[in-house]
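Heads up: the structure comes next, in structure tokens.
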Amino acid sequence: MFTKILVAVSASSTDTVLASAVEVARKYDARLFALHVVDPTPCFLGPFDSDYGLIVEAMEAHGRSRVTRMRNLLDDHAHPAETRMVTLPMSGMTIGCAIASFAKESGADLILLGDRQSGFWRWTSEDVAAEVQRYSETPIQIVRRERTGGVARRAGTRWTDAAVTGTR
């Protein structure tokens with residue numbers, strides 16, 4: 001049913017989302033594309049005397065460490081996979097838009113995303129799943145962060161398919 005699966009990995013969801021992606025890829029014998037998006041926009045909300053170049057460089061270094069972690073986890077499972085990191089421009093593109101764009105570019109049949117973290121201060125952050133739905137026709141699976149016995153909990157996933165529900 002699925003031949004190419006895009007898994008978008010944030011800094012806080014690497015293990016959970018990748019474990020679920022490997023399960024789904026094995027089930028459908030699909031190729032995995034693991035993507036980490038670096039968004040430097042929040043660093044521009046800080047003090048005016050900050051060294052933004054240094055901050056963006058540190059964010060990209062952290063992103064490269066996430067990509068290395070993704071590659072190591074995927075190599076352990078001996079399943080065909082590619083890893084990639086994208087740094088957003090300073091304006092004009094959201095994380096969700098970048099994920100949807102990469103899904104189209106790679107020909108992904110399914111997009112896997114980690115669930116949104118809750119918290120009072122997160123009300124200002126982007127709802128990545130909503131943005132991906134807005135810009136992509138590809139079905140999306142949300143992977144919950146709950147863990148049971150060290151394995152990603154499959155019962156905690158939710159499938160959304162435009163052809164079935166009428167919405168993405």
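For H36, nonlocal amide neighbours, meaning residues 5 or more places apart or on other chains whose placed amide H falls under 5 Å from its own, are V9, R84, M85, V86.
For the range 69-110, the solvent-accessible area of protein heavy atoms averages 53 Å² per residue (probe radius 1.4 Å; ligands and nucleic acids excluded). Full extension of the chain between H62 and T41 yields a length gain of 6.0 nm, computed as 0.36 nm times the residue separation minus the alpha carbon distance.
Just the protein heavy atoms count here, and of the accessible area of the range 50-95 at 1.4 Å, carbon and sulfur take up 55 percent.
Amide H contacts for R31 (H built 1.01 Å from N in the peptide plane; partners 5 or more residues away or on another chain; cut-off under 5 Å): K4, I5. Taking amide H as placed 1.01 Å from N in the peptide plane, V143 has its amide H under 5 Å from the amide H of L113, G114, D115, each at least 5 places away in sequence or on another chain.
The values are calculated or read from the model by the stated rules, or taken from the named source; none is laboratory data. Being a predicted model, the structure only gives us computed values, none of them experimental. For the accessible areas, the whole protein counts, side chains as well, though only heavy atoms, and no ligand, DNA or RNA atoms are used. Shrake-Rupley method; radii C 1.70, N 1.55, O 1.52, S 1.80 Å.
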